[in-house]
Ligand SMILES: [Zn+2]
C-alpha cells in the first residue's frame, strides 16, 4: 500500500484522492493536497456538469476533523466552470458545502458534539474558538432547515420560553404526537403566533389539527380558535398546576404577614413543602402539613388539602366523571373562604370546557412537559443564551422536527 493510500484509508476519505501531504510540526498541522475523483466539474447550484474555464491560482483550504491532536487541512485549487443555467461559478466540492471553510465531516462532528456537550467542550475538542463554533453551527443548521416543510401535524402545543436571563420571551410550537419542536418565534403575543399559522401552515394543514394545547393566556387561545377550526383546545396541565400553586402560596404569604414571632417559626420552610407533588412527599412532610391544622394555621391546611384533592383530576379517565369532580371541587373550594383559591376556582370555571378533554387526550400534555424539561437542560448546559438565534439553534439540534446531522451525506458521517 502506498503511503498516500494508507493516509486515505486511515482518514476514511471518500469521493476524493490524496495527491500529497505536508506535516507542519511547528503548528501541529497536517496539510493534505486533495482532488475530487470525478474528472468532470459540477455546478454547486444545479449539479449539472459545466465546461471548465480555468483553475484558480491560489488554493482554497478546508478545515477537517483533528486527528491525534493535529489540525487537518484539505488543500485544493477549485476550477471555475460555465453552467448553462447559472453562468460562471466555482465547481461544487464533494467534501464541503458551497462557500464553507470546513469539511462536511467537520460539520457532522460539530453537530454531534454540540448535541451531547456544552459548546465550550465541543470547541475544545475541535480546536476552534467558541465564537467560530457558534457561527458554523448557526450556518449549518440554517442551511439544513432551509426549505424544510412541516408535515402530518395533528396535535399542536404552544408555549412561551424565556431567554436572555428571563428578560425576553419567545413562542415555541411543538408537534405533540412526534414530540419535537416545529417553530420558534420572537415575542409571546398574538402577532407572533399568528405569523406561524399564516406563514408555515397551509389552510388544509390548519384544518387537520385535531387537538391543541396551550397556557391560559388569551393570545394563544384566541389564535388557536381562529386558525384551527377543528381543534379541541386543552389547557396545559403544567400551567394549571402552577396557577393553583400560586394561589396556595398566596394563602401562605397572607398567614406569614399576620403571624407573630412564634407563628413564623412554624411557618418557616413551608413554601417548598407546599409545592412538592404528593407522590414526592415523605412521612415527615405529611406529618408537618397535618400538624398545621392543630397549630391553628387552618387556612394554610385547608388550601393544602384542596390543592392535593385537585391533583386527582389528572388521573381521571372519563369525561363525565371529570366534569362531576370539577363541579364538586369548585363547590368545596368556594366554601373555603380563601380568596386566592376562590380566584382560581373562577379560572377553572371559565376554562372548564378546555380542562375536561384532558382526561381523554392526557398524553399530549405529558409530552409538552417532557420537551420543556429538555429545553431547560439545553439552557442550563449553556448557562443561558443571550440571543434567540443561538437558543433556537440548540433547540432545533436536540429536539427539532428535522434530524439535522442526518442531512449530511452518509459518506461524511465519520468522526
Ligand atoms: Zn447550475
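The values are calculated or read from the model by the stated rules, or taken from the named source; none is laboratory data. Small disclaimer: the values here were computed from a predicted structure and weren't measured. Neighbour counts are summed over all protein chains in view; Cβ atoms, including those assigned to glycine, are modelled from backbone coordinates with ideal geometry.
Okay, residues lined up against (1) loosely packed, with under 15 Cβ neighbours inside 10 Å; (2) within 16 Å of residue 246 (Cα to Cα):
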{"site": "270", "(1), (2)": "no, yes"}
{"site": "290", "(1), (2)": "yes, no"}
{"site": "310", "(1), (2)": "no, yes"}
{"site": "320", "(1), (2)": "yes, no"}
{"site": "329", "(1), (2)": "no, no"}
{"site": "344", "(1), (2)": "no, yes"}
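For (1) assigned by TED's automatic domain parsing to the domain that holds residue 307; (2) touching a residue at least 60 places away in the same chain (Cβ under 8 Å), each residue gets a yes or a no:
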{"position": "186", "(1), (2)": "no, yes"}
{"position": "204", "(1), (2)": "no, no"}
{"position": "221", "(1), (2)": "no, yes"}
{"position": "267", "(1), (2)": "yes, no"}
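Residue 45 falls short on exactly one of the conditions (1) modelled with pLDDT under 85; (2) closer than 19 Å to residue 98 by Cα, and that condition is (1). Note on the stretch 376-398: among residues that are touching a strand residue (DSSP E or B) at 6+ places or on another chain (Cβ under 6 Å) and part of a helix (DSSP H, G or I), the one that is farthest from residue 112 (Cα to Cα) is 388.
Yes/no per residue for (1) buried (at least 17 other Cβ atoms within 10 Å of the Cβ); (2) over 26 Å from residue 351 (Cβ atoms); (3) at pLDDT 85 or above:
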| residue | (1), (2), (3) |
| --- | --- |
| 188 | yes, no, yes |
| 200 | no, yes, yes |
| 209 | yes, no, yes |
| 218 | no, no, yes |
| 232 | yes, no, yes |
| 255 | yes, yes, no |
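Of all residues in the stretch 136-159, those being touching a residue at least 40 places away in the same chain (Cβ under 8 Å) and buried (at least 19 other Cβ atoms within 10 Å of the Cβ) number 10.
Of everything in the stretch 13-27 that is assigned to a strand (DSSP E or B) and either under 20 Å from residue 88 (Cβ atoms) or within 40 Å of the chain's Cα centre (by Cα) (or both), the residue that is nearest to the ligand (Cβ to nearest atom) is 16.
What do you reckon, is residue 263 surrounded by fewer than 16 Cβ atoms within 10 Å (Cβ to Cβ), farther than 21 Å from residue 370 by Cβ and either touching a strand residue (DSSP E or B) at 6+ places or on another chain (Cβ under 7 Å) or outside the structural domain of residue 339 (by TED's automatic domain parsing) (or both)? Judged against the criteria, residue 263 is not a match. Here residue 180 meets each of (1) in contact (Cβ under 8 Å) with a residue 40 or more places away in the chain; (2) surrounded by fewer than 21 Cβ atoms within 10 Å (Cβ to Cβ); (3) under 18 Å from residue 224 (Cβ atoms) with one exception, condition (3).
For residues that are assigned to a helix (DSSP H, G or I) and touching a residue at least 12 places away in the same chain (Cβ under 8 Å), scanning just the stretch 269-288, find the one that is nearest to the chain's Cα centre (by Cα).
Step one: filter the stretch 269-288 for residues assigned to a helix (DSSP H, G or I), giving 270-275, 278-280, 283-288.
Those still in the list that are touching a residue at least 12 places away in the same chain (Cβ under 8 Å) too: 270-271, 273-275, 278, 285, 288.
Values: 270: 33, 271: 30, 273: 30, 274: 30, 275: 26, 278: 29, 285: 35, 288: 39 Å.
Across the stretch 269-288, the extreme among qualifying residues is 275.
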